[in-house]
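Colleague: Have a look at this one before I ask anything.
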Amino acid sequence: MDQEQHDVIVVGAGNAATCAALSAREHGARVLMLEIAPEAARAGNSAFTGGAFRIVYHGAEDLARLIPDISETELRDVDFGTYDEAQYFDDMGRMTEYRCDPDLTEILIRSSFAAGVWMREQGVRFQLGLGRQAFRVDGKFKFWGGLACHIWGGGKELMKALHARAGRDGIEVLYETPAIGLLAGDRGVEGVRVRHQGRVRELRAKAVVLACGGFEANPEMRARYLGRNWDLVKVRGSRFNTGQGLRMALDLGAAAAGHWSGAHAVAWDLNAPPFGDLDVGDRFQKHNYPFGIVVNARGERFLDEGLDFHSYTYARYGGEILNQPGLFAWQVFDQKVTHLLREEYRIPRITKEKADSFEELAPRLDGVDPARFLDTVRAFNAAPRPEAPFNPNLHDGLRTTGLPIDKTNWAQRLDQPPYEAYAVTTGITFTFGGLKISNDAAVEDTAGHPIPGLYGAGEIVGGLYYHNYASGTGLMAGAVFGRLAGRNAAATAKG
């Protein structure tokens, strides 16, 4: 193995990595993939995703190219809407306070639909995001937030499909083989140093693609780059994303890019395990807070739950919980909205309380000041509201007025018992800081030049996300830049 010359080595085995490997193979390269985890735990964060897939589409006909089994009933009962390039650009700009790299963002958006079609050709199946991104109102589902398309079966099925295709294409994967360094020579990167079966070995290649994630599973790096208490958060996904790929590249002189003090973090069950559980997947998350209120240990609301659809606030609001006393919060709902709560609120492993009155519920909210909680609920219910109908499919303008923090949409009074409350903490998904890549997905050095033979894709790339994150762009970016990195790595190897 030590002496064998590969065309392309891909470090990682998740969505971006496997897309890179398939793309490189498609363009004639002999490809080897390196995975730090055992086969049963392969695929990094991709295995844990719920499968949201943000693409440009102009109506049902575009979606039917990805989801050919859309039924006549769905065509009749669903308002698919559209999600064009202008909307996508607007969301990326708004979410990142207009800091996202303009070139990478343009590549992401304008390549999104073609990447979806390509993934379907690799064997990935898609489905409509009914129940997650569309609610039935007046007998018809209406999509909101640009996320009509999801991967069928979520991350498990995504990675099962991609790895099945890789196997058919003859792509070898070395499991339990961490990369520990890049091999560099006069012509640039010439391979990867690994630890395999207890030995350090050098694997030679004409091009290397780094697609092995960020540093979210490394508490030391989280504390160093993200700040106080980030070393205490739970990790939504893989325990293997420790930032080693970033260190290898930075040690070689690669340029850093993106928001190194920023991360995607969500409301996550308070008693979830320290790292993700593949049997549970993404269901420790609790994303329906826009339809209730969220209180901290002081019994106070600390954010505008109705600021926007959860797709545009969930990745930032998780970090807000970390700023609260005790690093936890409770989400509270009444029976008017419990039918809207996603399946993740009904799993067996959940931290939940239920009561027929707020006076009965208050002492059950572990760690919360019960008297202040009752004051908060009473003030919320008493706040003036317009005569606007509640509609979960749009910004309905049903808002409070006069509270320290007003709720600006979906602000129904909590007045229909029994009341349900769910305890959450911060669960980190991935980190925003990463490597600087060119428009060809080549990793650049600190002087702004591409490092010959080195490419990057997926969450190891910086520059797309700042402050916040629009749901579904992570899988899409992995597919788009993985495909691009693989194609260009193959060209380098063949050149």
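The values are calculated or read from the model by the stated rules, or taken from the named source; none is laboratory data. All values reported here derive from a predicted model rather than from experimental measurement. Note that we place each Cβ from the backbone using ideal geometry, even for glycine, and neighbour counts take in every protein chain shown. Please note that ligands, DNA and RNA were not included when accessible areas were found on the heavy atoms of the full protein model with its side chains. Shrake-Rupley method; radii C 1.70, N 1.55, O 1.52, S 1.80 Å.
Colleague: Just to verify a result, which residue in region 42-66, among those that are within 16 Å of F126 (Cα to Cα) and over 22 Å from the mean Cα position of the chain (by Cα), is surrounded by the fewest Cβ atoms within 10 Å (Cβ to Cβ)?
Modeller: Only one residue tops the list, namely E61.
Colleague: Are any of the residues in region 410-419 in contact with a helix residue (DSSP H, G or I) (Cβ under 9 Å, 6 or more places away or on another chain), in contact (Cβ under 8 Å) with a residue 40 or more places away in the chain, open to solvent by 10 Å² or more (accessible area, probe 1.4 Å) and not in a loop (DSSP other than H, G, I, E, B)?
Modeller: Scanning region 410-419 turns up at least one residue that is in contact with a helix residue (DSSP H, G or I) (Cβ under 9 Å, 6 or more places away or on another chain), in contact (Cβ under 8 Å) with a residue 40 or more places away in the chain, open to solvent by 10 Å² or more (accessible area, probe 1.4 Å) and not in a loop (DSSP other than H, G, I, E, B).
Colleague: Yes or no: P418 at pLDDT 95 or above and either at negative phi or touching a Cys at 6+ places or on another chain (Cβ under 9 Å) (or both)?
Modeller: Spelling it out, P418 is indeed at pLDDT 95 or above and either at negative phi or touching a Cys at 6+ places or on another chain (Cβ under 9 Å) (or both).
Colleague: Another question, if that's okay. So is R239 within 17 Å of the chain's Cα centre (by Cα), surrounded by 19 or more Cβ atoms within 10 Å (Cβ to Cβ) and in a loop (DSSP other than H, G, I, E, B) or not?
Modeller: no
Colleague: Among what's in region 376-387 and is assigned to a loop (DSSP other than H, G, I, E, B) and at pLDDT 95 or above, pick the residue that is most open to solvent (accessible area, probe 1.4 Å).
Modeller: Across region 376-387, the extreme among qualifying residues is P384.
Colleague: For region 440-450, indicate whether the set of residues that are open to solvent by less than 20 Å² (accessible area, probe 1.4 Å) and either out of contact with any Phe, Trp or Tyr (no Cβ under 8 Å at 6 or more places or on another chain) or not aliphatic (A, V, I, L, M) (or both) is non-empty.
Modeller: no
Colleague: Would you please name the residue that is most open to solvent (accessible area, probe 1.4 Å), looking only at residues in region 307-361 that are part of a helix (DSSP H, G or I) and of a type in the set (A, V, I, L, M, F, W, C)?
Modeller: L327
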